[in-house]
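Everything on this sheet refers to the single structure shown next.
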Amino acid sequence: MTFKPDVLTESPLPHLTYRGKVRDTHDVDPDTLLMVSTDRISAYDVVIPTPIPGKGAVLNQLSLFWFDKTKHICGNHLINSATENLALPETVRRRGMYVRKADRIDIECVARGYITGSAMAEYELTGMVAGETIKPGMVEADAFPTPIFTPATKAEEGHDENISISQMANLIGSDLTERLKNLTLELYNFSHNFALTKEIIIADTKLEFGFIDGQLTLIDEILTPDSSRFWDATKYQPGKSQANFDKQFVRNWLTEQDWNREPPAPPLPEKIVSRTSMRYEEAFSKLTGSTLQ
């Protein structure tokens, strides 16, 4: 996977080990990484050529917030924020964190509290979601009776693929599958209930896990507008698309374009860029009660 260099991470930094869709990972030492969230944005597993100003800072600082808030449920890979390292450029300090290296489990662990997106599309075709039968009569944005776990394979290139829980068990074993399912749902339920107090509905989220010193550990990012759907709870109404604070705004615009969801993606117009940036920062402020650094 190759992208144009991110001008915000070209200043002196540890060796760039990996460039993902939205994050750059730098080797610090044999046990430590500097993970920098960029302003790149992806949709339908394709990197969009237009960055979203401030997005990297939101992803980084919101993950820092949630890592601290959920550490009683599951340990995570965070060591500390890069904010205090004055040797780094300011643009990197506000978008970086130091983390422990982990042996990643190549499964995306998705929790869904409401039916939308690919789950809605599958349900309309088959009456099922992730291989499980769902009650009839659900409409867009309906809440499931209880949140469900819908894993996906994690693709280095191209599109992630939704799989059933039984397929996941065949890949990584039944015991680990059950542990990941339970942890994912516990993290989702906790964060969903907290977000409701801030007038945000977390409709769904995806999490990643790995092993550090033999311990199952939460890694990558957590509960950001990139990895979750954030809806405005004050305007929630099933049966239609919801007012949101995430990248659904970008997805909706892309859906209106003549694009086949394969690279290259079309550039975003300025009005979409500015509104998306505003939505991300509003989500941060609502959830954390603080101002973005």
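Criterion applied to K286, K198 was being in contact with a Ser or Thr (Cβ under 9 Å, 6 or more places away or on another chain) and either part of a loop (DSSP other than H, G, I, E, B) or touching a residue at least 40 places away in the same chain (Cβ under 8 Å) (or both), and the one residue passing it is K198. Here I272 does not fit the description of being under 26 Å from M138 (Cβ atoms), β-branched (V, I, T) and surrounded by 16 or more Cβ atoms within 10 Å (Cβ to Cβ). The residues listed here are D232, D213; of these, the one that is at pLDDT 95 or above and at positive phi is D213. The condition (being in contact with a Cys (Cβ under 9 Å, 6 or more places away or on another chain), among the β-branched types (V, I, T), surrounded by 20 or more Cβ atoms within 10 Å (Cβ to Cβ) and part of a strand (DSSP E or B)) is satisfied by just one residue among T217, T184: T217. Taking segment 51-126 as the region of interest, the strands (runs of 3 or more DSSP E) fully inside it that hold 3 or more residues being within 28 Å of I212 (Cβ to Cβ) and without any contact (Cβ under 8 Å) to a residue 40 or more places away in the chain are 78-81. Being assigned to a loop (DSSP other than H, G, I, E, B) and either closer than 29 Å to T177 by Cβ or open to solvent by less than 60 Å² (accessible area, probe 1.4 Å) (or both) holds for only one residue in D204, D226, and it is D226. Scanning segment 42-60 for residues being out of contact with any Lys or Arg (no Cβ under 7 Å at 6 or more places or on another chain) and open to solvent by less than 50 Å² (accessible area, probe 1.4 Å) gives a total of 8.
The values are calculated or read from the model by the stated rules, or taken from the named source; none is laboratory data. It should be emphasised that the depicted structure is a prediction, and the values quoted were computed from it without experimental measurement. Virtual Cβ from ideal backbone geometry, glycine too; neighbours counted across all protein chains shown. SASA here: full protein model, heavy atoms, side chains in, ligands and nucleic acids out. Shrake-Rupley method; radii C 1.70, N 1.55, O 1.52, S 1.80 Å.
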